[in-house]
Amino acid sequence: MNLLKNKSIFKSLTIVAIASCLFISCDSDDDSRGTTDDGDVSGTVILHDAFADFDLNNVTAMVSGTNFVIETNGLPNHTSPYWSNTNTRTITGPMGNTMTTGPAAVDHPLYVDPTVTSSANMAPGNIDDFNGSYSLTVPASPALASNSSATGLGAIGIAVSGSVIYNDEEGPNIPLDGAVGSLDYTAAHTGPQSYHYHLEPKAFSNDDTALIGIISDGFFIYGRKCNFTGTYPTDLDVSGGHTSTTQHTTTAEYHYHIQNELYLSQYYIIFPGNYQGTPHNIQ
């Protein structure tokens, strides 16, 4: 995958955002994210450096007062068999109804044939069949909540690719186990509202320290390894979170990791735990 990391463009967007932002006091608590630029006016909210890793064609991040606003078109910037193509696939639903996807006149440029799944096992719908635009507003300095809260169905985070992150359920109290066969090589599939990831997204993270995205409580989530130590973190809480520096900050901050715990003997769930912060709607 080719994630765009154009720092100069990112910084120019940041300067525009600074012009309209409010001033807040610095928080020295290591459990909060540093959102002030020591080289700029003290207390000025700027975009976190981690947003430079998000695909600039699919995702827009900006400062609004003391918040970050993240908007995405919901599309991934990598290949998948779920892009529109000239093939036809038909599945039979649980009520005996048939659902047919395709064919398109031409293959989408990012279409690839299925490898770890098959046309017979794939979910209905192609990526470009969905209007997957989403918006998330989170505090620039998110705080850990007094009590954790369970994730729900639907989008729980926005990935660096532009698509969204789901939890480890396929439906209400329905584990993902039975739907794993429909996931593409990067552990994503379509439906009911968008293309989304459940497991470690190998298109842009495979047993490494890469940024996965941002969870709806405002904390970033990284791959299975910790940039601070170069290996698997040993101090994670029940949600896969801990406080340390990352490749995006020299100040220790709370963030999540994909936990290095096998699921079905070969996969790693992106986020199976509870929110440790206060979740906000992705809409």
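The values are calculated or read from the model by the stated rules, or taken from the named source; none is laboratory data. Values in this document were obtained by computation on a predicted structure and should not be read as measured data. Cβ placement follows ideal geometry from the backbone for every residue including glycine, while neighbour counts extend to all protein chains displayed.
Which one is surrounded by the most Cβ atoms within 10 Å (Cβ to Cβ), of the residues in the stretch 161-177 that are of a type outside the set (Ser, Thr, Tyr) and assigned to a loop (DSSP other than H, G, I, E, B)?
Gly162
Candidates are the residues of the stretch 180-193 that are of a type in the set (A, V, I, L, M) and outside any loop (DSSP other than H, G, I, E, B); the one that is nearest to Ile158 (Cα to Cα) is Ala188. In the stretch 130-159, the residue that is farthest from the chain's Cα centre (by Cα) out of those that are surrounded by fewer than 17 Cβ atoms within 10 Å (Cβ to Cβ) and outside any loop (DSSP other than H, G, I, E, B) is Ser149.
With the structure loaded, tell me whether Ala50 is aliphatic (A, V, I, L, M), buried (at least 17 other Cβ atoms within 10 Å of the Cβ), closer than 21 Å to Pro142 by Cβ and modelled with pLDDT under 95 or whether it fails that test. No, not satisfied. Note on the stretch 212-240: residues that are touching a Gly at 6+ places or on another chain (Cβ under 8 Å) and either within 25 Å of Met62 (Cβ to Cβ) or buried (at least 23 other Cβ atoms within 10 Å of the Cβ) (or both) total 11.
Does the stretch 89-128 hold any residues that are of a type in the set (Ser, Thr, Tyr) and closer than 27 Å to Lys202 by Cβ, and which are they?
Thr101, Tyr111, Thr115, Thr117, Ser118, Ser119 - these are the residues of the stretch 89-128 that are of a type in the set (Ser, Thr, Tyr) and closer than 27 Å to Lys202 by Cβ.
Restricting attention to the stretch 105-122, and to residues there that are out of contact with any Phe, Trp or Tyr (no Cβ under 9 Å at 6 or more places or on another chain) and buried (at least 16 other Cβ atoms within 10 Å of the Cβ), which single residue is nearest to Asn57 (Cα to Cα)? So, considering only residues that are out of contact with any Phe, Trp or Tyr (no Cβ under 9 Å at 6 or more places or on another chain) and buried (at least 16 other Cβ atoms within 10 Å of the Cβ), the one nearest to Asn57 (Cα to Cα) is Ser119. Screening Asn131 against (1) modelled with pLDDT under 95; (2) touching a Leu at 6+ places or on another chain (Cβ under 8 Å) leaves a single unmet condition, (2). Give the stretch 62-93 a look and list any residue that's over 29 Å from Val45 (Cα atoms) and part of a loop (DSSP other than H, G, I, E, B), or say none. His78, Thr79, Pro81, Tyr82, Trp83, Ser84, Asn85, Thr86, Asn87, Thr88, Gly93 - these are the residues of the stretch 62-93 that are over 29 Å from Val45 (Cα atoms) and part of a loop (DSSP other than H, G, I, E, B). With respect to the conditions (1) of a type in the set (Ser, Thr, Tyr); (2) touching a residue at least 60 places away in the same chain (Cβ under 8 Å); (3) within 12 Å of Ile270 (Cβ to Cβ), Tyr134 falls short on a single one, namely (3). State yes or no: is Thr88 surrounded by fewer than 21 Cβ atoms within 10 Å (Cβ to Cβ), touching a Gly at 6+ places or on another chain (Cβ under 6 Å) and modelled with pLDDT of 95 or more? So Thr88 fits the description; yes.
Which of the following residues is in contact with a strand residue (DSSP E or B) (Cβ under 7 Å, 6 or more places away or on another chain), farther than 17 Å from Ala155 by Cβ and touching a residue at least 12 places away in the same chain (Cβ under 8 Å): His248, His257, His196?
Criteria check complete, one pass: His257.
Within the stretch 102-132, the set of residues being touching a strand residue (DSSP E or B) at 6+ places or on another chain (Cβ under 7 Å) and within 15 Å of Gln193 (Cα to Cα) comprises Ala123, Pro124, Gly125, Asn126, Ile127.
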